[in-house]
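These notes are about the structure you will find just below.
The values are calculated or read from the model by the stated rules, or taken from the named source; none is laboratory data. Remember, predicted model here, so these are calculated numbers, not experimental data. In this analysis, Cβ positions are derived from the backbone assuming ideal geometry, glycine residues included, and neighbour counts consider all displayed protein chains.
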Amino acid sequence: MKYIDIFICQLYIYMLTHLPLISSLATILSISVIILYRKNKLREIKEDFGNVRFLIPLAGTMLFSYIVLNQKEENKDIEKMQTATKRALVALIVAYFARIDLVIAPFWLVWVFSYWTKESAGWV
């Protein structure tokens, strides 16, 4: 029972520190889905995620990013790789927004990441 209490306290602290970022991203996602629905772009997204020629490179990119971001920061090269990967992931999202004709969403995505993440985290 003691471990459950510790877990609940840690979860509560995590939610308090990350809730603004999570809620901001959820708001951007919700507004984007509404706009996409009105523009009939959801069909295009479904086609992309049903296409193997889209999914294989995306899966490779996600796997590479996962490996790089989960390395321990032992030296400056790893830190630089992690910063570059974080920025590249934001750029990937922005590029996909451009592909589906969302013009304003990238601005808010970059704004949220810039505001809610530490400057040293290297997300933007």
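Would you please name the residue that is modelled with the highest pLDDT, looking only at residues in region 98-107 that are buried (at least 16 other Cβ atoms within 10 Å of the Cβ) and part of a helix (DSSP H, G or I)?
Out of the qualifying residues, it is P106.
Which residue pairs have Cβ atoms under 8 Å apart, sit 6 or more places apart or on different chains, and have a first residue in region 39-50 that is under 12 Å from Y96 (Cα atoms) and a second that is surrounded by 10 or more Cβ atoms within 10 Å (Cβ to Cβ) and of a type in the set (F, W, Y)?
What qualifies is D48/F54.
Mind listing whichever residues of region 59-70 are surrounded by fewer than 14 Cβ atoms within 10 Å (Cβ to Cβ) and either outside any loop (DSSP other than H, G, I, E, B) or touching a residue at least 24 places away in the same chain (Cβ under 8 Å) (or both)?
Listed by number, the residues that qualify are A59, G60, M62, L63, F64, Y66, I67, L69.
Just one of A95, A88 is part of a helix (DSSP H, G or I), surrounded by fewer than 12 Cβ atoms within 10 Å (Cβ to Cβ) and within 15 Å of the chain's Cα centre (by Cα); which is it?
A95
Listed residues F54, F113; which is aromatic (F, W, Y), in contact with a helix residue (DSSP H, G or I) (Cβ under 7 Å, 6 or more places away or on another chain), at pLDDT 85 or above and part of a helix (DSSP H, G or I)?
Going through F54, F113 in turn, the sole match is F54.
Is there a residue in region 68-76 that is out of contact with any Phe, Trp or Tyr (no Cβ under 7 Å at 6 or more places or on another chain), among the hydrophobic types (A, V, I, L, M, F, W, C) and modelled with pLDDT of 80 or more?
There is at least one residue in region 68-76 that is out of contact with any Phe, Trp or Tyr (no Cβ under 7 Å at 6 or more places or on another chain), among the hydrophobic types (A, V, I, L, M, F, W, C) and modelled with pLDDT of 80 or more.
Does E73 meet the test of being without any contact (Cβ under 8 Å) to a residue 60 or more places away in the chain, surrounded by 10 or more Cβ atoms within 10 Å (Cβ to Cβ), in a loop (DSSP other than H, G, I, E, B) and more than 19 Å from the chain's Cα centre (by Cα)?
In short, yes.
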